[in-house]
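Student: Attaching a single structure in structure tokens format; questions to follow.
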Amino acid sequence: MGKIRVEELAAHSDLDHSLDWQFDGLTAADNLAHLCPPCHALKSETGWSVKHLTNGTLEWTSVPSPGRI
């Protein structure tokens with residue numbers, strides 16, 4: 001995944017619940033992240049997940065492909 005400049009993200013971002021609201025994710029600073037539309041789609045439409053680390057970094061994790069380790 002590439003890096004996105006802060007100026008670009010500020011102008012064109014989606015505010016996303018890292019743990020989806022529909023699954024009891026809170027609308028709180030430690031569960032919200034500004035994602036560019038392609039990253040938001042990646043998280044929402046695939047097996048990727050996002051975890052907030054204590055230093056403010058987002059950790060992205062994918063689900064392994066079936067039959068692969």
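Student: For residues in the stretch 35-49 being of a type in the set (A, V, I, L, M, F, W, C) and part of a helix (DSSP H, G or I), which is surrounded by the fewest Cβ atoms within 10 Å (Cβ to Cβ)?
Tutor: Here is the first cut: in the stretch 35-49, the ones of a type in the set (A, V, I, L, M, F, W, C) are 35-36, 39, 41-42, 48.
Retained after the next criterion (residues that are part of a helix (DSSP H, G or I)): 39, 41-42.
Working: CYS39: 22, ALA41: 13, LEU42: 17.
Restricting to residues being of a type in the set (A, V, I, L, M, F, W, C) and part of a helix (DSSP H, G or I), the top hit is ALA41.
Student: For the stretch 43-58, give me each residue that is of a type in the set (D, E, K, R) and within 13 Å of LEU19 (Cα to Cα). So that I can check it myself, show each step before the final result.
Tutor: Just the residues of the stretch 43-58 that are of a type in the set (D, E, K, R), to begin with: 43, 45, 51.
Hits for the stretch 43-58 are LYS43, LYS51.
Student: Taking the conditions exactly as written (under 13 Å from the mean Cα position of the chain (by Cα), farther than 15 Å from THR61 by Cα, surrounded by 12 or more Cβ atoms within 10 Å (Cβ to Cβ) and at pLDDT 80 or above), does SER13 satisfy them or not?
Tutor: Working: under 13 Å from the mean Cα position of the chain (by Cα): yes; farther than 15 Å from THR61 by Cα: yes; surrounded by 12 or more Cβ atoms within 10 Å (Cβ to Cβ): yes; at pLDDT 80 or above: yes.
For SER13, the condition - under 13 Å from the mean Cα position of the chain (by Cα), farther than 15 Å from THR61 by Cα, surrounded by 12 or more Cβ atoms within 10 Å (Cβ to Cβ) and at pLDDT 80 or above - is met.
Student: Tell me which residues, restricted to the stretch 16-34, are open to solvent by 80 Å² or more (accessible area, probe 1.4 Å) and either at pLDDT 90 or above or over 14 Å from GLY56 (Cβ atoms) (or both). Full working, then the answer.
Tutor: So in the stretch 16-34, the residues open to solvent by 80 Å² or more (accessible area, probe 1.4 Å) come out as 19, 21-24, 26-27, 29-30, 34.
Within the stretch 16-34, LEU19, TRP21, GLN22, PHE23, ASP24, LEU26, THR27 qualify.
The values are calculated or read from the model by the stated rules, or taken from the named source; none is laboratory data. Note that the structure is a prediction, hence the values are computed from the model and not measured. All Cβ positions, even for glycine, are placed from backbone atoms using ideal geometry, and neighbour counts span all protein chains on display. In case anyone asks, the SASA skips ligands and DNA or RNA and just uses the protein heavy atoms, side chains included. Shrake-Rupley method; radii C 1.70, N 1.55, O 1.52, S 1.80 Å.
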